[in-house]
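What follows is a single structure, written as structure tokens, with notes after it.
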Amino acid sequence: MQRFLSLFGLTLLLVGAGCEPECATPQNAESFEVGTGELCFERVTDQATVPLMEGPQGGYHVWLAVGCADCGPEVRIRTLILDAGTGDELGGESEHFAELDGSSWSQQAGIQLSMPGDPWDTTNPPLPEGTAFVVVVAFVDPAGTVLHESEVQLIVGETLSWDCEEDC
């Protein structure tokens, strides 16, 4: 079975003039890092707790952000979410196209990782707070070569309601 399926759609939600923030490079940035953040990269460590976002369209997600010093201007970011205990797929596989700004350490934030659950279906609840999951991330260049791969184990934190209009 393929570990990564291609899904279309840009998941960045930074729209409108003046909405895109100026994001600083984190101190002691590595050549490739996986983090979190809706607007800018925020560093995370293994087993960090991240909020589960309940979106306005009826889904749950967590924010993914990445940073890279040597990835080139165009990459595909492939993601997969696994149950930390069993290794089973949780949120499905996705692919995100990114055009990096070419700075010495380019970052991409606001990537939505779909998580299980449906707020309108009580038979399909979200993952409970405290649940461990693994995010697998691969950066792939236009020729299909994997440039970087990383895994980070995270913990589901509190569920927050997300409203884009407030953030922009």
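Rule-based calculations on the coordinates, nothing more; no lab input. Keep in mind it's a predicted model, so treat the numbers as computed, not measured. Note that each Cβ is placed from the backbone with ideal geometry, even for glycine, and that neighbours are counted across all protein chains shown.
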Task: Separation of the residue 103 and residue 24 label points, Cα + 7 Å toward Cβ, nm - done: 1.1
- [ ] Express the C-alpha Rg of the chain as a ratio against the empirical globular expectation 2.2 N^0.38 Å, rounded to two decimals.
- [x] 1.00
TODO: Give me the percent of Cα-Cα pairs in the stretch 60-148 that sit more than 15 Å apart, rounded to a whole number.
DONE: 62
Task: Residue-by-residue Karplus 3J(HN,Hα) for the stretch 76-86, coefficients 6.51, -1.76, 1.60, Hz, glycine and proline x - done: 9, 9, 9, 10, 8, 10, 10, 5, 5, x, 9
Task: Residues of the stretch 137-158 with amide N under 13 Å of the 7 Å Cα→Cβ point at residue 70 - done: 147-149
Task: Nearest-20 debye value, the chain charge dipole, Cβ charges on Lys, Arg, Asp, Glu - done: 340
TODO: Express as a percent, rounded to the nearest 5, the fraction of DSSP beta bridges in the chain (both residues included) that run antiparallel.
DONE: 85
Task: Karplus 3J(HN,Hα) series, Hz, for the stretch 125-133 with 6.51 cos²θ - 1.76 cosθ + 1.60 (x for Gly, Pro) - done: x, x, 4, x, 3, x, 6, 8, 9
TODO: State, to one decimal in nm, how far the label point of residue 155 lies from the label point of residue 141, with both points 7 Å from Cα in the Cβ direction.
DONE: 3.9
Open item on the list: One quarter of the convex hull surface, Cα atoms only: what value does that give for the stretch 112-168 in nm²?
Closed with: 6.3
Task: Karplus-derived 3J(HN,Hα), 6.51/-1.76/1.60, for each residue of the stretch 53-63, Hz, glycine and proline x - done: 9, 9, x, x, 9, x, x, 10, 8, 10, 7
